[in-house]
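Below: the structure, in structure tokens.
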Amino acid sequence: MSDTLVDQQPRTRFADRELSWLAFNQRVLDLARDASVPLLERARYLAIFSSNLDEYFQVRVAGLKRRIEAGVALPGASGVLPRDLHELVLRRVRGLVATQSETLTEDVLPGLATEGVHVVAWGELTVTERDRLATLFTERIYPILTPLAVDPAHPFPYVSGLSVNLAVLLRNPATGGRQFARIKVPTNLDRFVDLGGGRFIALEEIVGNQLSELFSGMELLSWSTFRVTRNSDVEVEEDDAENLLHALEKQLMRARTGRPPVRLEVARGIPAELLDVLTQRLDISAREVFEVPAPLDLTALTSLVARVDREDLSFSSFLPQTHPDLASVETAQPADLFAALHDHDVLLHHPYDSFATSVQRFVEQAAADPAVLAIKQTLYRTSGDSPLVDALVDAAEAGKQVLVVVEIKARFDEHANIAWARKLERAGCHVVYGLVGLKTHAKLCLVVRDEPDGLRRYVHIGTGNYNPTTARTYEDVGLLTADPVVTEDIARVFNHLSGITQEVNYRRILVAPHGVRRGLAERIETEIEHHRAGRPAGIRMKVNAIVDETVIDALYRASQAGVPVDLWVRGMCALRPGVPGLSETIRVRSILGRFLEHSRLFWFANDGEPFVALGSSDLMHRNLDRRVEVVVSLTNRRHSAQIERLFDLAFAEDTACWELDDTRWTRRTSDAEGVRLRDLQEHLIATFAGRRGETR
């Protein structure tokens, strides 16, 4: 580390990751507040904001509370004590939630109502609508409700995390005694009931206004809605588990009933008596209570938006294109990917390039091709009805050797991945769960094919999951190749994952936990040397998050040496750009839009011969130390130039973005003359649509 860094306070050079994450969710909220965004999409951004915040409390805030309760008094990397950070986080979240509520109630919902889409309360219903809903309640809702009373014979019920509930206060006319009851709003019914004519009402509004049917003979004093968020970070002691699958299943079962609350959301205006019962019984402090206007749980807006068929209130339709290198080999039948890859690599950019006609087709063709002898694939997350899993099952049943590395510890997808693992095992696939102590986050698929000139291997390496559903909305990059150096490297990775090898040396790839941090740090140091020698030098990285202190310090050293550094970061950024004497040559931008920017890309000027790579790894401790990640370098000059053009566009002065100066994010949507700046994603949609007929 240079003297300049040493002279600084130990931690002041790092921004706090938790506060940086909140700044990211603020950017999502900015999109919901943007009047130029179609109204239904603004509602969807409000849902995304809520979903993000749920996960933040379940994992990050829960972790903070756990450290505080364990008596941890040491500051984090940014120098902030856990208790102080917890208080600061809660204050900032309260401000963000207030802005979200205002955006919903004073902007988005009134705007939708003007367009004929109404989310109404019970008091806004017509007599006919109330009668219809009373019948609906009797026939479809009442039979599945379970009111739970609280009295000496009935203890306070366990409230599942993220469920919407009704808190009810009753009085017994005979005794005058007051009684609390809880009703969980069913999750197997539509959260917003369609009244017809563009009118919707929240399910809990119906239940709340039919409580006399549930508590006959009792006097209803008041009711309100509430929602609890619990610590949901699952930890498995792998060293003591003979069977990781069973160990995780047991831990998930415990998580359903033993996780403490970290947040309580209540409807604005909740009676004080009900709130007192909830805070006391849930053992939650007043500062962890968030009072918001009904309806609670705005993640449900996603399903509402999906049910409103109004193209004029949504983003324009978008249809991914088959990559030109693959379209050129299509006839009346789908492309023969092995023929296409025989002579050249294909660089894919989703969702602009179709996932279905590239990656999905690659796996499906391999499963059906009699010449294919083996398929090896990692699965971190996939869709509920996955054609890729079906293809792997078909391949195994056809007698091919199929190895699937299923990451059953993928957060929030544990149950789904356990189900996939069992299905694959039943079909005869070799299913392994990776390495003890590490999550397998790498996105890899290897196919071994028997061809006239011998066995040939084909590989896909990507930045995103093998999930056909999210591939339509997540921006990711992937490489399809038959390059023998790369395929040999990936074969070694799979042998490492399924066997007992200790492989750490590869030719074209970097593999975490041993190689990614070291490899990137070496590349950064090489750029410093180039710059000092007067040779072309520069660093560009695109990641979801950068919080690793070692990498950040290496980038600070590059900046102090004068190397230009461009960082394209979607989420957390603990690096502080633009600080005199520390990071003056570093620019940090964030771009958010209709697609989730998800790819991880690395570009180094390298004395005029750019080193360009893509992979699964973000620049976080968990990725670099506790996961198996793979980053592959590109050798095709056209592909390297494509990545370079993407960075050029992202950092062009006429591209809309958020810019980070030290720890402050500023949004740029128009130039000095008020001309609206280019939307990068819309620009790429148009560019890729006009690319038909091009080939490599």
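If you take the residues in segment 368-387 that are hydrophobic (A, V, I, L, M, F, W, C) and surrounded by fewer than 22 Cβ atoms within 10 Å (Cβ to Cβ), which one is farthest from residue 433 (Cα to Cα)?
371
Under 8 Å by Cβ, and 6 or more places apart or on different chains, what pairs join a residue from segment 551-572 that is under 12 Å from residue 660 (Cβ atoms) with one that is in a helix (DSSP H, G or I) and modelled with pLDDT under 95?
Listed pairs, sorted by first residue: 572/17.
Out of segment 435-461, which residues are buried (at least 23 other Cβ atoms within 10 Å of the Cβ) and at pLDDT below 85?
If the condition is that a residue be buried (at least 23 other Cβ atoms within 10 Å of the Cβ) and at pLDDT below 85, then no residue fits.
Residues of segment 575-590 being open to solvent by 10 Å² or more (accessible area, probe 1.4 Å) and either in a loop (DSSP other than H, G, I, E, B) or of a type in the set (Gly, Ala, Ser) (or both), which ones?
Once the filter is applied, which keeps residues that are open to solvent by 10 Å² or more (accessible area, probe 1.4 Å) and either in a loop (DSSP other than H, G, I, E, B) or of a type in the set (Gly, Ala, Ser) (or both), segment 575-590 yields 576, 578, 579, 580, 581, 584, 585.
I'd like the full set of residues that are of a type in the set (Ser, Thr, Tyr), within 27 Å of residue 232 (Cα to Cα) and open to solvent by 20 Å² or more (accessible area, probe 1.4 Å), limited to segment 136-185.
Of everything in segment 136-185, those that are of a type in the set (Ser, Thr, Tyr), within 27 Å of residue 232 (Cα to Cα) and open to solvent by 20 Å² or more (accessible area, probe 1.4 Å) turn out to be 146, 158, 160.
Considering only segment 658-682, state which residues are open to solvent by less than 70 Å² (accessible area, probe 1.4 Å) and either in contact with a helix residue (DSSP H, G or I) (Cβ under 7 Å, 6 or more places away or on another chain) or in a loop (DSSP other than H, G, I, E, B) (or both).
Matches in segment 658-682: 658, 662, 665, 669, 671, 674, 677, 680.
For segment 299-311, give me the residue count where each residue is in contact (Cβ under 8 Å) with a residue 40 or more places away in the chain, more than 22 Å from the chain's Cα centre (by Cα) and open to solvent by 30 Å² or more (accessible area, probe 1.4 Å).
Residues meeting the conditions: 2.
Scan segment 192-211 and report the pairs whose first residue is open to solvent by less than 10 Å² (accessible area, probe 1.4 Å) and whose second residue is part of a loop (DSSP other than H, G, I, E, B) and of a type in the set (Asp, Glu), with Cβ atoms within less than 8 Å and a gap of 6+ or a chain change.
Sorted first by the residue in segment 192-211, then by its partner, the pairs are 203/190.
Among the residues of segment 110-125, which ones are free of Cβ contacts under 8 Å to residues at least 40 places away in the same chain and open to solvent by less than 70 Å² (accessible area, probe 1.4 Å)?
110, 113, 123
Determine the pairs where a residue that is within 15 Å of residue 626 (Cα to Cα), located within segment 502-513, has a partner that is open to solvent by less than 70 Å² (accessible area, probe 1.4 Å) and assigned to a loop (DSSP other than H, G, I, E, B) with Cβ atoms under 6 Å apart, the partner being 6 or more residues away or on another chain.
512/617
Could you list, in sequence order, all residues of segment 608-657 that are hydroxyl-bearing (Ser, Thr, Tyr) and open to solvent by 20 Å² or more (accessible area, probe 1.4 Å)?
635 - this is the single residue of segment 608-657 that is hydroxyl-bearing (Ser, Thr, Tyr) and open to solvent by 20 Å² or more (accessible area, probe 1.4 Å).
The values are calculated or read from the model by the stated rules, or taken from the named source; none is laboratory data. Remember, predicted model here, so these are calculated numbers, not experimental data. A quick note on method: Cβ atoms are made from the backbone with ideal geometry, for glycine too, and the neighbour counts reach across all protein chains shown. To get the accessible areas, we keep the full protein, side chains included, count just its heavy atoms, and leave off ligands, DNA and RNA. Shrake-Rupley method; radii C 1.70, N 1.55, O 1.52, S 1.80 Å.
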